[in-house]
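Notes to accompany the following structure.
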Amino acid sequence: MRGASLKGRPYFVARCDLAEDDTECLNRAFLIFARINNVSGCGMTDKSDSSFVVVRFNELTYQPGGVVAVIKGSKVAQRTLDDFDWSQSEEQRRAGWRYFLEKTDLPPGMDAEKATSLRQVRFDLQEA
């Protein structure tokens, strides 16, 4: 899964397991896309100007997984976090992979790899 931006709207691609039914995978991907991009037609109620990063980590090994998305607004960020949790395979969950939100000043929709690098540099500078 990778965070990105489509005309300023966050999205990500759901990764499916090989054993998973293709229809189930497509339905899951569409539901995630619809929730993040407000396809339901409901007005956006989150007026927050804050940006948040969704960060992946392993709670068993403390291995960092990096930033997977940069999202604007706390409610949208929470929905995105829930979607990442929901779309994770049972195998990944058993292996200890989890997600959390962190407030940031990074621009929404920023490339996940760049956001991960910037976040790490900031941590390194704080420790120095």
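The values are calculated or read from the model by the stated rules, or taken from the named source; none is laboratory data. All values reported here derive from a predicted model rather than from experimental measurement. So basically every Cβ, Gly included, is an ideal-geometry build from the backbone, and we count neighbours across all protein chains shown.
Could you please give the count of residues in the stretch 95-118 that are closer than 15 Å to GLN63 by Cβ and among the basic types (Lys, Arg)?
Selection size over the stretch 95-118: 1.
I need a count of the residues in the stretch 82-122 that are surrounded by fewer than 11 Cβ atoms within 10 Å (Cβ to Cβ), over 22 Å from ASP49 (Cβ atoms) and not aliphatic (A, V, I, L, M).
3
Do the conditions hold for VAL39, that is, is it surrounded by 12 or more Cβ atoms within 10 Å (Cβ to Cβ) and either at pLDDT 65 or above or not aromatic (Phe, Trp, Tyr) (or both)?
No, not satisfied.
Taking only pairs six or more apart or across chains, which ones have beta-carbon atoms under 8 Å, a first residue in the stretch 59-82 that is without any contact (Cβ under 8 Å) to a residue 60 or more places away in the chain, and a second residue that is hydroxyl-bearing (Ser, Thr, Tyr) and in a loop (DSSP other than H, G, I, E, B)?
Taking only residues 6 or more apart or on different chains, the pairs are GLY73/SER48; GLY73/SER50; SER74/SER48; SER74/SER50; LYS75/THR45; LYS75/SER48.
List the residue pairs whose Cβ atoms are under 6 Å apart, where the first residue sits in the stretch 104-127 and is over 17 Å from LYS72 (Cβ atoms), the second is of a type outside the set (Asp, Glu), and the two are 6 or more positions apart or on different chains.
Hits for this filter: THR116/GLY66; THR116/VAL67.
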